[in-house]
Amino acid sequence: MTERKPPGVSFESFVDRQIREAADRGEFARLPGLGKPLASLDAPYDELWWIKGKLHREGFSPLPPALALRKEAEDARAQALAAPTEARARAVLAEVNGKIRTALRRPPPGPPLNLAEFDVEAVLAERRASRPAERGPDRGADS
């Protein structure tokens, strides 16, 4: 716990003494990020840097929920097409379809959703058509 500055001692020398004692105890030796460059050192100055960082750490999106779900659906489709196996592609599509289904039942605030669930078999057919014939032990198990 931080001690109070005693009367008659200048503030600067009081703070300097606390820093020196903490350094002697090794409290600065194991700080996270020690020896790593600051991530935003080369970035242009932004007055709202702290607010944007806080929103990012808390998981808030700058997009309205409907637009964020549209973006997530686009990304999920691309992931499904690039998935190494059909089982993984199905899992990605099932996850995003669940979110779309929920949003269609209870529309989020903001612009219209304009989304429908993915036809899993149609996306998988497109995935198969875009790849050379897959052969191997994984093919038979997850087709």
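The values are calculated or read from the model by the stated rules, or taken from the named source; none is laboratory data. All values derive from a computational prediction rather than experimental measurement. Note that each Cβ is placed from the backbone with ideal geometry, even for glycine, and that neighbours are counted across all protein chains shown. Heads up: the accessible areas ignore ligands, DNA and RNA and are worked out on the full protein's heavy atoms, side chains in. Shrake-Rupley method; radii C 1.70, N 1.55, O 1.52, S 1.80 Å.
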Selection over the stretch 33-71 where residues are among the small types (Gly, Ala, Ser) and more than 30 Å from Lys99 (Cβ to Cβ) yields a count of 5
For residues that are closer than 30 Å to Ala129 by Cβ and polar (S, T, N, Q), tally how many sit in the stretch 41-89.
-> 2
Filter the stretch 54-66 for residues that are open to solvent by 60 Å² or more (accessible area, probe 1.4 Å) and part of a helix (DSSP H, G or I); which is nearest to Pro111 (Cα to Cα)?
-> Pro65
Hits in the stretch 82-102 - residues which are open to solvent by less than 40 Å² (accessible area, probe 1.4 Å) and touching a helix residue (DSSP H, G or I) at 6+ places or on another chain (Cβ under 7 Å) = Ala83, Thr85, Glu86, Ala89, Val92, Leu93, Val96, Ile100
Under 7 Å between Cβ atoms, at least 6 apart or on separate chains: pull out the pairs that start in the stretch 66-77 with a residue that is small (Gly, Ala, Ser) and end on any residue that is open to solvent by less than 20 Å² (accessible area, probe 1.4 Å) and in a helix (DSSP H, G or I).
-> Ala73/Val96; Ala73/Ile100; Ala76/Val92; Ala76/Leu93; Ala76/Val96
Total residues in the stretch 8-53, condition open to solvent by 80 Å² or more (accessible area, probe 1.4 Å), polar (S, T, N, Q) and part of a helix (DSSP H, G or I) = 0
Taking helices (runs of 4 or more DSSP H) that fall entirely within the stretch 84-143, which contain at least 2 residues that are over 24 Å from Pro62 (Cβ atoms) and at pLDDT below 90?
-> 137-142
